[in-house]
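This report refers to the structure that appears directly beneath it.
The values are calculated or read from the model by the stated rules, or taken from the named source; none is laboratory data. Computed from a predicted model, the values in this text were never measured in an experiment. Cβ sites come from the backbone with ideal geometry, for glycine too, and all protein chains shown count toward neighbours. Side chains are part of the model used for accessible areas, which takes the heavy atoms of the whole protein and leaves out ligands, DNA and RNA. Shrake-Rupley method; radii C 1.70, N 1.55, O 1.52, S 1.80 Å.
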Amino acid sequence: MTAKKTEANQCNDQESTSPRMLSGADIVIQTLVNCGVDTIFAYPGGYSMPLHQAMTRFRDKVRVVLPRHEQGGGFAAQGYARATGKIGVCMVTSGPGAMNLITSIADAKLDSVPLLAITGQVNTDTIGSDGFQETPTTEVCRSITKHHYLVTDINDLVRTIKEAIFVATTGRPGPVLVDLPKNIQVQQCYPNYEATMNLPGYSDQNHQPSAAELDLIVESIKRSRRPVLFVGGGVVNADASDYLRRIVEKTHIPVTTSMTGLSAFDRNDYRSLGMIGMHGTVCANRAVAECDLLLALGVRFSDRVTGKVSEFAKSARIIQIDVDPSEINKVKKTQVAIACDLADALGALDAALDDHFEPSNLDSWYEKIDQWKKEYPVSYDENSPYILPEHAITELWKATKDLNAIITTGVGQHQMWTTEFYRFSRPRTWISSCGLGTMGFGLPAAIGAKIACPDRLVVDIDGDGSFQMNIQEMATCFTENIPVKVMLLNNQHLGMVMQWEDRFYKKNRANTYLGCVNDPEAFGQGDGVSPKHRFPDYIAVAAGYGWEALSISKKEELPGAIQTMIASTHPFLLDVQVPYFEHVLPMTPPGGTIADMILK
């Protein structure tokens, strides 16, 4: 994580003092600039106006992007951070503005995203009086931030901003909140930009794996006959994917990933087992169930991965490496645990495997793995007369696999199908709300990713339910000239909830249909494509927001439509009308085991 440490520490590489007094708001923005921040996603309000006024004085140094909802700004900042590994910065006003940002903060916490959330606050002498647009933001966010500040002294501003960025980007990344009362924003002082940080008990100096620990891992690999590498988002965060690839080349150990770790290892590699967990591949789940060694790298053993914890990797020796010591043995008991940076650990392991290392003979293990892949392939009905969601994603992958595209998603069935049928091969090309599972994530995250990587194709694969939750950000794309693409898998339902209704609630529909309930033809088509009259009309919606758009319903239209979307230099919505009857399979019921997997 050397790059991140450099970013956090560069705040000191500036002049120590300003020759004139500056407002607190100007000091905040100057400090952000000093720390390398070049983009802020900010929505103004009464108690953040001084900050916005200050940003007008830094137009040549900072791009300020105006989202159309505070949550959209938070998710856009996440998209920026996830695409680059740099700090994502968002800014809102007090009260309702801050509360609208909470979901974005919680989302960043669960997915370990470096996020700086700056919120306006009422004047310090008003705090606690239930003033207009006052909320105790730091208290509300206490359990969903890595750290948080309420600044009550203008002289603490430089130190606070530097600390916030340092904490957010070092160790296990996460969101940090800075709450700024308005009177602190307008007060003036002579800033000291070399103010030192004061973080007792916090350090970015991680434990380095010892020679004895490395020898133990190497010896475990040598003895294993059925090993599996279980890779999580920590490998992506640490920019350690190259080390991972070299380790796999030397050991030939097959790889499965968590959802956040999808892009850490090339899905097209024959040693890839795909994603593990509730909607993971049969091959990945069976391999972990039968492995004798599980090397868990930057993963937190979430319930969507383990199912019934006591049965997860029941026969395996588990070696866990994670930058966060609190994750060690939190869910699953390990035999070897190392709390350290993944880049340091995998770099050291790569070096330890050099020269005289001879990999185990895994031929019989791969024979079993290959048989599982053959018996339970990731597949769909290619002869269906309809555009199945799986087919649409497969065609998008074929069209973009050589373009180094960044893919974002909302949350629901389309998200799970993307994990199955879009075969990621490069790190930081997959951006999705994995831990919190937040609908409405895809479009604003795509905005942030496109701003961070303007020369790359960014496509949001979305569902109509999820897309509508932050549909207002289409305006941001038009006004800010951000040519993101949206491939909308439009089935007129809350697909994942509907799937659970089908599987666990006797197909009883309970508010999962998104169309017009008073449409007499809505449910009566008989061919599984619902409804006949689709609502809303996304072509009309797109036109209202200044987007280019195309709607298709026939399979033969799909390849050309995808090429038209890719070729467009403007924001583009491809409305793909898909049937609602498809289920994401395989599926392991909550708390279940490999024996409970639903295959059809």
Filtered chymotrypsin sites (Phe, Trp or Tyr not before Pro), segment 116-213: DSSP coil and at most 11 other beta carbons within 10 Å: PHE132
Among the lysines, select those whose C-alpha is under 20 Å from the C-alpha of LYS374, and discard any that sit fewer than 8 residues away in the same chain. LYS600
With the contact rule set at Cα under 8 Å and sequence spacing of 6 or more, what percent relative contact order holds for segment 174-277? 21 percent
Under unit Cβ charges (Lys, Arg +1; Asp, Glu -1), what dipole magnitude, rounded to 20 debye, does segment 292-411 have relative to its Cα centre? 620 debye
Here segment 217-320 gives, from Cα atoms, an Rg and Dmax in Å of 12.3, 33
Over the Cα atoms of segment 274-321, what is the Rg over Rh ratio if Rh follows Kirkwood? 0.91
Candidate cut points under chymotrypsin sites (Phe, Trp or Tyr not before Pro) in segment 469-519, DSSP loop plus at most 14 other Cβ atoms within 10 Å of their own Cβ, are TYR505
For segment 286-347 and segment 20-74, compute the distance between their C-alpha centroids and round to whole Å. 41 Å
Charge tally in the Cβ shell below 15 Å around TRP397, where Lys, Arg are +1 and Asp, Glu are -1, TRP397 excluded: -1
Given ALA287, ASN34, TYR270, which one lies farthest toward the positive end of the charge dipole of the chain, if we put +1 on the Cβ of every Lys and Arg and -1 on the Cβ of every Asp and Glu? ALA287
Could you tell me which residue out of GLN413, TRP430, THR593 lies farthest along the dipole of the chain toward its positive end? Charges go on the beta carbon: Lys and Arg +1, Asp and Glu -1, centred on the Cα centre. THR593
Which whole-angstrom value gives the distance between the alpha carbon centres of segment 163-212 and segment 532-584? 44 Å
Within the under-13-Å Cβ sphere about GLY74, not counting GLY74, Lys/Arg +1 and Asp/Glu -1 give a net charge of -1
Highest mean first, how do 400-411, 333-344, 548-559, 208-219 rank when packing is the count of other Cβ atoms within 10 Å averaged over residues? 400-411, 333-344, 548-559, 208-219
Within the chain, which whole H helices from DSSP have a Cα span along their axis of at least 30 Å and a mean Kyte-Doolittle hydropathy of 1.6 or more, if any? none
Surface share of carbon and sulfur [accessible, 1.4 angstrom probe, percent] for the chain: 49 percent
Can you give me the orientation-averaged projected area of the convex hull built on the Cα atoms of segment 15-97, in nm²? 5.9 nm²
Of all DSSP beta bridges located in the chain, what percent are antiparallel, nearest 5? 5 percent
Taking Cα pairs closer than 8 Å and at least 6 residues apart, the relative contact order of the chain in percent is 13 percent
With +1 assigned to the C-beta of every Lys and Arg and -1 to the C-beta of every Asp and Glu, and no other charges, what is the dipole magnitude of the chain about the Cα centre in debye, to the nearest 20? 560 debye
Between (1) 46, 32, 20; (2) 50, 38, 20; (3) 39, 34, 20, the structure-derived semi-axes √(5λ) of the Cα gyration tensor in Å is (3)
Under 24 Å between alpha carbons, and skipping anything fewer than 8 positions from LYS86 in its own chain: which lysines qualify? LYS4, LYS5, LYS61, LYS109, LYS146, LYS162, LYS450, LYS485
Considering only C-alpha atoms, what is the centroid distance from segment 246-275 to segment 403-435, in Å? 15 Å
